[in-house]
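These notes concern the structure reproduced below.
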Amino acid sequence: MDLTEDLPFQVLRRTWQPVALSRELGPAGVIGFRLLNTDIVVARFEDGSLLAADDVCPHKGARLSRGTILAGELQCPYHGWRFDPAGACTNIPSLLNPPSDKLELSHLNAYAVQERYGMVWVQLERNADVRLPDVPEFENPRWTYLLGPPTPFRSGWRREVENYLDMTHFAFAHGTTLGKAADSVVPPMKITVFDDGSGFQMDAPFPALESPHEQPGKLQSAHGRQQRCWLPNFTTIRQTFGDGDARVLVHVPTPVTREECVVFWSLALSPGFDGPAPEDQLEFAIRVLDEDRTMCENQVPREIPINPSKGGWGVLVTPGDTLANTFQKCLRKYLQAVQAGGESVKESRAAA
């Protein structure tokens with residue numbers, strides 16, 4: 001069954017996507033974000049409550065993301081119309097006694113919004129069955145949790161997911177950073193596809209050279225990798241080192257348009273991690289991600305077509321592209337299940 005290019009965006013509307021870091025949306029903060037081709041405003045009120053809604057005032061169409069929080073309400077910058085945390089219009093300054101029908105007609109089109117993992121998440125189509133995956137390490141106070149800067153990619157979100165899962169590009173795309181002592185030969189991989197349709201997992205060693213010319217640092221040395229994808233676009237990597245230390249990273253490429261995304265990401269370090277300082281690890285991860293961004297932005301086309309018969313996958317080789325192939329096949333099944341109107345595909349709550 002061929003899938004349309006519109007279908008992924010239709011399905012992702014019922015999933016949770018990050019649109020901001022919590023620390024960037026302080027008290028009385030207001031921001032705008034384009035999510036799945038939908039312009040939204042996200043506002044935090046003085047009491048900490050959040051509002052996510054279409055970024056348009058129902059009066060004259062002004063962008064509410066240019067407005068301000070005043071006395072516990074979001075005020076439009078153009079004519080001062082005000083809205084409460086639920087999106088209800090509470091005041092029309094040009095009318096002494098605004099008619100109730102006018103106020104009711106002016107209710108904002110609001111969306112579900114929540115905070116978790118230091119990020120603000122929005123769901124464009126409310127679906128209580130769809131939940132964020134649990135990553136216990138991100139909420140364990142004994143672990144060191146670091147949020148990276150959201151990173152815009154001029155490429156589609158599926159390009160970024162494939163890149164994040166890829167095991168064969170370390171020695172080349174990351175030749176001076178993560179892959180400084182990486183082997184181009186792919187190690188044996190164990191890939192598990194979960195029966196509940198939530199996604200898949202890969203377990204394999206990092207392809208480190210046994211006798212590198214240059215002694216690698218800890219992050220570039222041999223370690224175990226567990227890469228987990230919760231469909232459609234929540235991906236984690238758990239790194240386990242020989243001394244027992246561990247790191248857990250997450251990438252979520254929030255789709256902006258079909259050919260643009262913003263990568264929200266973070267990492268957690270196990271207690272007493274014996275290695276580079278946390279701030280140095282964050283800086284290192286930023287450099288690695290920038291190398292990935294360059295690769296993604298220089299692939300043709302900018303997004304992987306959803307139908308492989310139309311050039312979606314290129315010339316694949318085994319075992320190098322097995323994980324990418326697994327992602328594409330599982331994603332198609334995920335989309336087809338929703339398209340067929342069958343039982344709702346839920347995001348797993350299992351631990352990373």
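The values are calculated or read from the model by the stated rules, or taken from the named source; none is laboratory data. Note that the structure is predicted; figures quoted are calculated from it, not measured. Cβ coordinates were reconstructed from backbone atoms using ideal geometry, including for glycine residues, and neighbour counts include every protein chain displayed.
Entry remark, region 1-39: residues being under 30 Å from Lys333 (Cβ atoms), touching a residue at least 40 places away in the same chain (Cβ under 8 Å) and either in a loop (DSSP other than H, G, I, E, B) or touching a Lys or Arg at 6+ places or on another chain (Cβ under 7 Å) (or both) number 11 in total.
For region 165-177, which positions are assigned to a helix (DSSP H, G or I) and within 12 Å of Pro207 (Cα to Cα)?
The first filter runs over region 165-177 and keeps only residues assigned to a helix (DSSP H, G or I), leaving 165, 170-173.
Scanning region 165-177 gives Phe170, Ala171.
Listed by first and then second residue, the pairs with beta-carbon distance under 6 Å, at least 6 apart or on different chains, first residue in region 82-110 and over 16 Å from Arg63 (Cα atoms) and buried (at least 17 other Cβ atoms within 10 Å of the Cβ), second at pLDDT below 95 and among the basic types (Lys, Arg), form an empty list.
If you scan region 178-192, which residues turn out to be of a type in the set (Ser, Thr, Tyr) and assigned to a loop (DSSP other than H, G, I, E, B)? Show your work before the answer.
Quick first cut of region 178-192, residues of a type in the set (Ser, Thr, Tyr) only: 184, 192.
Scanning region 178-192 gives a single hit, Ser184.
Among the residues of region 182-203, count how many are touching a Pro at 6+ places or on another chain (Cβ under 9 Å) and on the phi > 0 side of the Ramachandran plot. So the answer is 1. Just one of the listed residues (Phe234, Phe206, Phe172) is surrounded by 19 or more Cβ atoms within 10 Å (Cβ to Cβ), over 24 Å from Leu335 (Cβ atoms) and aromatic (Phe, Trp, Tyr), namely Phe206.
Residues that are out of contact with any helix residue (DSSP H, G or I) (no Cβ under 7 Å at 6 or more places or on another chain) and within 23 Å of Cys261 (Cα to Cα): does region 87-106 have at least one? No, because not a single residue in region 87-106 is out of contact with any helix residue (DSSP H, G or I) (no Cβ under 7 Å at 6 or more places or on another chain) and within 23 Å of Cys261 (Cα to Cα). Residues in region 265-289 that are surrounded by 16 or more Cβ atoms within 10 Å (Cβ to Cβ), in contact (Cβ under 8 Å) with a residue 60 or more places away in the chain and in a loop (DSSP other than H, G, I, E, B): Ser270, Phe273. Scanning region 227-286 for residues that are closer than 17 Å to Phe200 by Cβ and charged (D, E, K, R) gives Arg228, Arg238.
Specify the residue that is surrounded by the most Cβ atoms within 10 Å (Cβ to Cβ); the eligible residues are those in region 243-264 that are farther than 17 Å from Gly148 by Cβ and not charged (D, E, K, R). Spell out the reasoning first.
Residues of region 243-264 that are farther than 17 Å from Gly148 by Cβ, as a first pass: 243-246, 255-260.
Subsequent filtering for residues that are not charged (D, E, K, R) retains 244, 246, 255-257.
Working: Gly244: 10, Ala246: 19, Pro255: 24, Val256: 21, Thr257: 15.
Top of the filtered list is Pro255.
All of (1) under 27 Å from Phe327 (Cβ atoms); (2) touching a strand residue (DSSP E or B) at 6+ places or on another chain (Cβ under 9 Å); (3) at pLDDT 95 or above hold for Ala222 with one exception: (3). Would you check if Pro216 is in contact (Cβ under 8 Å) with a residue 60 or more places away in the chain and either assigned to a strand (DSSP E or B) or in contact with a Leu (Cβ under 9 Å, 6 or more places away or on another chain) (or both)? Answer is no for this residue.
Only residues that are in a strand (DSSP E or B) and within 18 Å of Phe9 (Cβ to Cβ): list them for region 40-55, please. Walk me through how you get there before you give the answer.
Of all residues in region 40-55, those in a strand (DSSP E or B) come to 40-44, 50-54.
Across region 40-55, the qualifying residues are Ile40, Ala52, Asp54.
Tallying residues that are small (Gly, Ala, Ser) and buried (at least 18 other Cβ atoms within 10 Å of the Cβ) within region 43-59 yields 3. For first residues located in region 194-206 and closer than 30 Å to Gln220 by Cα, partners that are among the charged types (D, E, K, R) and surrounded by 18 or more Cβ atoms within 10 Å (Cβ to Cβ) and lie 6+ apart or on another chain with Cβ distances below 9 Å form the pairs Gly199/Arg228; Gly199/Glu347; Phe200/Arg228; Gln201/Arg228; Met202/Arg228.
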